[in-house]
Amino acid sequence: MGCSVSVERPPASATYKRNSNASTGQLNNILQQVPFDVLYSTYKDLADYLTRGLQTELLRVYAIFRWMCMLDLDKLENSLPNLPDHGTPCDYALKIKWSMGNFAHFFTLVARAAGLACVVVSGINKSAAYQLGMPIDRQAMAAQWNAVYIAGEWRLLDVFWASTVLVGKKTQEWALINEDGVVGDDVSGDEFKEQEEEGEVVHTLNEFFFLTDPDQLIWTHLPDDYQWQLLPRSISETDFESSVYIRERFFHLNLHLLPGSHRKYFIPTSDGKAVIKLGADPSKALHSQFRYMLFKNREAEEKMSNVPLERFVFFEKTGDSMTYTAAFPAAGLYKMEIFGQDPREHDTLDLVCSYLIDCRDPRPTEPLPVCPDIGWGPGLEADDKGLRPLTHKGGVVETDDGNVEIRFAVDKSLNVAQTLKHNELDDWLLKRFAIVRADGQEIVVNMRLPTGGNFALELFADERGGVSGDLTNVCNYLVKCSNDNDITPTPFPKLHDGLLGRSPNCDTLSIRAVSHPGDSIETAEEHLVVVFEADEPGIEVMCELQHNDINPEILAQTVLRSADGTATTFNIGLPKEGEYALNVYARRNSDPNRMYHVHSYIVQSNQTKRFQTEKPKKQPSVVPVVTNKSEIAISVPRGRGELIGEFTKKNAHHEPNPSTLKADMSARDAVFKLNVPEDGDYKLDVYDQVGAKGLQHVATYLICKDSAFEEPVKPVIERDIPAEEEAARKKKSLAAKHKTAKEQLNAAISSQDKDFLEEAIKHFQRIDAPTQNSSLAKAKQLLRYLQLSEELTTAMTERNLTKLDKVVSAIETSELKGKLHLQLAMAKRILEQLKRIEKLRHAIMKLDQRTIAEIKSYSTPPEIVNKVMLATFLLLGEREKHLKEWKEIVVQIGKTGKSSLKRRVSAFDVDCLPIAVAARVKEILSMLNLDDVRDVSSGAATFYVWSKGMVEECESRFVQNGGDMSTVRTKKK
């Protein structure tokens with residue numbers, strides 16, 4: 001059909017060069033709804049319509065590919081007035097809809113009609129239904145795709161994979177352990193032990209499968225003819241079966257396997273660990289997000305049901321690689337799936353690759369404190385913010401005494417925050433064991449870990465002067481503290497959120513430290529003077545002094561604050577030697593009950609004189625609050641002075657905004673009204689300010705805003721409910737159930753999903769909903785339609801005469817006959833073909849043995865008889881080289897039992913007849929006609945009619961399935 005290149009085989013040394021820069025703008029108008037008259041016409045007319053005005057082969061191929069991917073077969077079926085003629089594009093599109101054809105053959109028919117060299121490549125593939133670790137099942141994995149010849153080279157595409165995706169495929173073989181270290185109700189317990197589900201085919205467009213690089217497509221598509229791999233060095237079926245399962249998202253994210261990467265899906269552990277390492281493109285990886293899911297085999301799950309298995313995967317992402325290290329405390333077979341996305345290009349995460357991990361040597365392992373999204377260590381996120389590690393360039397930090405210093409060089413001012421985490425210690429308690437400071441040249445983190453074990457340090461940063469909001473997680477360290485010497489480090493005195501130095505609020509409020517612009521002060525004196533200045537009037541500066549061993553009430557009295565215009569001076573008494581924390585805050589006079597942090601110092605007092613001090617009697621109260629509301633009110637008992645609140649969001653920076661906190665001091669208790677529009681963790685610190693003294697911390701409220709949080713149901717006090725009230729309550733409850741069931745029923749109708757419909761109908765009837773309901777009637781009718789359509793599709797695909805005749809008869813008497821008229825017409829067409837075959841078969845079966853004996857009795861048969869019987873046995877599977885002599889044909893005629901001629905004809909399946917054999921038989925019979933054969937032998941005439949009928953049927957099915965008879969070569973066996 002206009003192909004200028006031989007399309008039987010690829011060249012011996014296939015060359016390939018990807019070119020995806022074709023402009024597709026000129027296709028916009030072409031790829032609109034193709035008129036029915038074109039679809040009802042010839043493939044040539046359709047090809048001309050799709051490719052008109054397109055000058056290059058690449059654009060013509062893309063136009064056909066894009067149109068085919070956009071083709072809505074359901075919509076097409078519902079919009080056609082009648083069944084199209086056999087051999088038209090519309091006829092074949094319906095065959096695809098009814099599982100009697102495929103896109104590979106359809107694409108070939110249209111491409112060749114457009115003058116393009118195109119072939120169908122047959123083989124096996126690893127679709128979303130593929131089960132990792134299962135042996136190759138050629139029947140279940142059989143597939144076809146295309147190769148097209150463009151600009152002197154072969155290229156590969158797969159319309160079906162480009163336009164459909166299977167979602168929701170589940171198997172009972174695996175149980176989800178955790179997802180990025182998080183285990184919740186949806187991924188644990190009996191509720192997650194899902195039933196076997198086949199999944200749902202969803203239509204989409206994935207242009208990865210247009211002119212896919214051969215070395216990328218080979219991970220999921222293996223041709224039967226290895227030449228169609230188009231690779232310099234082909235891979236075997238054994239290699240394909242054992243290779244790691246890689247999907248297209250792997251290549252979308254510019255990932256690649258490194259020399260040390262696992263190329264096989266099966267990974268045995270070493271010392272209870274498995275390491276998966278992938279190469280990455282730094283420019284792409286910076287914007288990419290990754291998640292993992294870890295499953296355990298069901299059989300292993302029962303043996304280790306009491307062993308917690310979450311948070312044992314260590315993920316580290318550097319500039320040019322990403323590494324997952326999985327450690328297992330229990331033996332078993334695990335499946336690890338890695339997902340990824342670039343939010344600039346993808347709406348959702350999708351599968352990158354999958355491995356099976358066999359752990360036979362588990363080791364006692366402490367779970368990770370967290371599983372951060374960006375992984376561990378200073379990677380691309382840190383580099384993007386200008387952080388260059390000076391001390392620790394890997395994701396693991398080890399210490400034997402709990403004292404750690406981590407330093408980064410920076411070239412710009414950053415807002416920073418840190419969080420220290422431990423499996424058993426609360427984040428709030430760990431606040432005093434880590435501090436961070438940033439001075440525009442370095443970021444320094446110091447830790448004094450309180451105990452041995454694994455800690456996680458999370459570091460957050462964003463450029464100062466940027467947009468308000470959550471800070472970006474830029475780096476995480478796993479800190480392993482052995483604490484072999486059983487040392488108990490002294491915690492830092494209470495610094496504001498563990499931050500040292502100047503806060504970004506200094507810029508917003510126009511405040512600066514005059515006397516001590518840095519973040520630390522060292523003095524041998526008993527007194528300290530610190531001066532701040534505000535550039536604008538109406539700003540008041542206050543401070544809080546903290547020491548681990550001194551009562552905060554005493555420390556508040558050692559501070560004397562004085563103001564002179566816009567300058568504020570703190571005269572601070574230091575009762576004893578040691579470390580102090582000095583936290584400085586500011587408030588606007590227009591908003592006196594709201595303050596903001598502006599600066600923090602570590603003060604080291606080296607004085608020799610000692611004062612008798614009173615140790616803290618108790619710490620400020622810490623009150624957790626969980627809410628789903630955007631506005632909350634917190635009551636705080638009054639103190640001796642005026643109460644001031646400081647309201648912040650965890651690991652975030654927000655410009656001072658009075659609207660987020662309002663204070664009401666008119667009642668007996670102070671009421672702080674907080675605005676929390678976003679989900680997240682917030683903190684309200686309340687201080688007591690008495691005159692010109694220092695601030696005294698009263699309480700901390702840790703607020704978790706979670707929109708999904710359900711408020712506890714208040715207990716119902718039992719009482720005698722009047723009968724009328726009880727009846728009204730039941731009626732209201734039943735009405736609500738009916739409403740929900742109806743909504744579910746309508747959703748099932750919209751989905752057109754048979755299983756969903758069955759469940760929705762059962763549920764609707766189970767709750768005694770009204771049976772005279774229009775939605776229920778509509779759902780039942782739709783379910784019956786889908787059932788009949790499925791039965792008809794199955795019968796047409798199987799081509800079983802009895803079964804198809806039965807289904808057709810049932811539909812003929814059904815009220816759904818009109819809705820199924822197209823599919824019914826196709827079924828009748830196939831039924832006529834099957835009846836014709838049955839008639840030919842029946843004619844052979846009616847032959848008496850004397851007629852067959854007469855044919856066998858020839859010692860030298862007429863040439864016509866010889867050709868007819870040669871053709872017959874070729875159709876029955878004999879090789880032509882074994883039928884050269886008449887005596888060899890006689891041997892075949894004389895066989896009895898299952899090998900008898902009539903039994904073989906009765907069992908013959910035209911679907912198993914190779915088209916090349918049919919072409920050879922057609923060639924043998926081409927010089928004969930029925931009258932000539934009948935004149936010589938009536939028995940031979942019956943075999944002639946049968947043979948010719950089988951050849952015609954084979955050719956018809958070949959063309960119906962997208963075959964091109966012009967490419968068929970006769971096969972002599």
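The values are calculated or read from the model by the stated rules, or taken from the named source; none is laboratory data. The structure displayed is predicted, hence computed values, not measured ones. Backbone-built Cβ (ideal geometry, glycine too); neighbour counts: all protein chains shown. Surface areas here come from the heavy atoms of the whole protein model, side chains and all, with no ligands, DNA or RNA. Shrake-Rupley method; radii C 1.70, N 1.55, O 1.52, S 1.80 Å.
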In the chain, what percent of the accessible surface is made up of carbon and sulfur (1.4 Å probe, ligands and nucleic acids excluded)?
49 percent
Gyration tensor (Cα) of segment 718-826, equivalent ellipsoid semi-axes in angstrom:
42, 11, 11
Quick check: from the Cα gyration tensor, does segment 52-134 come out rounded (a/c under 1.5), prolate or oblate?
oblate
0 to 90° range, to nearest 10: angle between helix 863-875 axis and the chain longest Cα axis
20 degrees
Straight-distance crosslink candidates among aspartates and glutamates, where the alpha carbon sits under 18 Å from residue 629 and sequence neighbours closer than 8 are dropped:
678, 679, 681, 706, 710, 711
Ordering of 321-331, 897-907 by packing [mean C-beta count within 10 Å, highest first]:
321-331, 897-907
Around residue 162, with a cut-off of 11 angstrom between Cβ atoms, what is the net charge of the other residues, counting Lys and Arg +1 and Asp and Glu -1?
-2
Projected-area mean, segment 335-435, by convex hull of Cα positions, square nanometres:
10.1 nm²
Restricting to DSSP H runs of at least four residues, report the calculated mean residue ellipticity at 222 nm for the chain, -39500 (n - 2.57) per run over all residues, nearest 500 deg cm²/dmol.
-8500 deg cm²/dmol
Give me the net charge of residue 582's neighbourhood, meaning all other residues with Cβ under 12 Å from the Cβ of residue 582; Lys, Arg count +1, Asp, Glu -1.
-2
Over 21 Å between C-alpha atoms is what I'm after, so list which of 75/817; 881/902; 806/828; 867/887 land there.
881/902
With viscosity set to 1.306 mPa s and temperature to 10 °C, compute the Stokes-Einstein D of segment 838-973, Rh being the Kirkwood radius across alpha carbon pairs; µm²/s, no decimals.
105 µm²/s
Which percent of Cα pairs goes in each bin when the distances of the chain are cut into 10 angstrom slices starting at zero?
2, 9, 14, 15, 15, 14, 11, 8, 5, 3, 2, 1, 0, 0
Near residue 51, within a Cβ-to-Cβ distance under 13 Å, what is the net charge of the other residues, with Lys and Arg +1 and Asp and Glu -1?
+2
May I ask for the Rg/Rh ratio of segment 232-288, computed from Cα atoms with Rh as the Kirkwood radius, given to two decimals?
1.02
Report, to the nearest 10°, how far helix 821-845 tilts away from the longest principal axis of the Cα atoms in the chain, using its own Cα long axis and a range of 0 to 90°.
40 degrees
Taking every pair of distinct Cα atoms and averaging 1/r, then inverting, what Kirkwood hydrodynamic radius in Å comes out for segment 575-702?
16.4 Å
Cα shape, segment 470-594, gyration tensor, a/c 1.5 rule
oblate
Could you work out how far helix 723-751 tilts from the main Cα principal axis of the chain, as a 0 to 90 degree angle to the nearest 10?
50 degrees
With every protein chain left in place, what is the accessible area per residue of the chain in square angstrom, probe 1.4 Å?
48 Å²
Given axes a ≥ b ≥ c from the Cα gyration tensor, I'd like to know whether segment 385-533 is rounded (a/c under 1.5), prolate (a/b larger than b/c) or oblate.
oblate
What trypsin sites (Lys or Arg not before Pro) does segment 814-861 have in DSSP loop regions with at most 14 other beta carbons within 10 Å?
817, 846
What pairs from 95/922; 839/948; 317/650; 754/819 go past 21 Å between their alpha carbons?
95/922; 317/650
Considering Cα pairs under 8 angstrom that are at least six residues apart, work out the relative contact order of the chain and quote it in whole percent.
7 percent
Straight-line reach check, residue 576, cutoff 27 Å on alpha carbons, 8 or more apart in-chain or any other chain, hits among lysines -> 431, 494, 609, 615, 617, 618, 693
